[in-house]
Amino acid sequence: MRIVFVHGWGHGPDIWQSVVKLLGDDIAYDLVDLGFSGSENIPVGHYDIAVGHSMGCMWLLSQSNITWEKLVFINGFSRFSASDDFPEGVHPRVMDRMLRKLLKSPVGVLQSFHQLCDPDSKTSYQGIKTPDLSKLVWGLTFLRDQDLRLNFPEESSYILADKDDQVVTEAMTVKLFESNSEWTEGKGHLLPLTDPVACSSVIKRAVSDL
């Protein structure tokens, strides 16, 4: 059994530690590092399960060198920015504003984003201490410009979302995935940290359906 995990924008592979522990010792896994802290690790190959958090979900849909049998989205999406046919998304000007601020204060932008992800400070996540500005800019541009809705394999996917997520709202999730979602409540945008049990449960269900 092989699983690949992909973190979201402004985070790193360490967000998966608690989830991985709950999956047991018979799971072989790779942790993608998109490079927001300066180090990058992008494995390739075929996996039984691919798991993405937030931007990591859309990133998986953009890849051709990583394939899978089952796909698990956690606080995820196939499109992030708003458009005429997706008004529920985040307006592109929000990301444009973040891009401008990043050039002056990447640490400040990350702190504000982490506060939005975890407004009630449910986690002790310290965030990225040495941010890679070029990678953060790339990630925000990717979020603003990409639309991977046509790449989403609904029949082999599992969706875990939170009703109180302030980054990926309930309206966004419902619009993108209709009724094909499992919900937590009051846990916010960092479910791998705030509810690793729920995350591991949906991954185990995907494993059992192989």
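The slack in the chain from D48 to V197, taken as 0.36 nm per residue of separation less the alpha-carbon distance, amounts to 51.6 nm. Over region 12-117, Cα pairs under 8 Å with separation of 6+ residues give a relative contact order of 15 percent.
Computed over every Cα-Cα pair of the chain and binned at 10 Å starting from 0, the pair-distance distribution P(r) comes out as 8, 38, 40, 13, 1 percent. Adding -39500 (n - 2.57) for every DSSP H run of four residues or longer, then dividing by how many residues the chain holds, sets the calculated 222 nm ellipticity at -10500 deg cm²/dmol.
Under a model in which nothing but the beta-carbon of Lys, Arg (+1) and Asp, Glu (-1) is charged, the chain shows a dipole of about 740 debye around its Cα centre. Annotation: extensible slack from S64 through D25 equals 11.2 nm (criterion: 0.36 nm per residue apart, minus Cα-Cα distance).
Here's how it looks for D30: its modeled amide H is under 5 Å from those of I3, V4, F5, which are all 5 or more places away or on a different chain.
The spacing between region 71-112 and region 6-63, judged by their C-alpha centroids, is 20 Å. Checked against a 19 Å cut-off, the cross-linked pairs K70/K122; K101/K135; K21/K129 give Cα-Cα distances beyond that limit for K70/K122; K21/K129. The simple spin-label model puts a point 7 Å past each Cα toward its Cβ; for S83 and L103 those points are separated by 2.7 nm.
Any read-out appearing in this document is the output of simple, stated calculations on the displayed coordinates, not a laboratory observation. Worth saying up front: this structure is predicted, and the values here are computed from it rather than measured. Backbone-built Cβ (ideal geometry, glycine too); neighbour counts: all protein chains shown.
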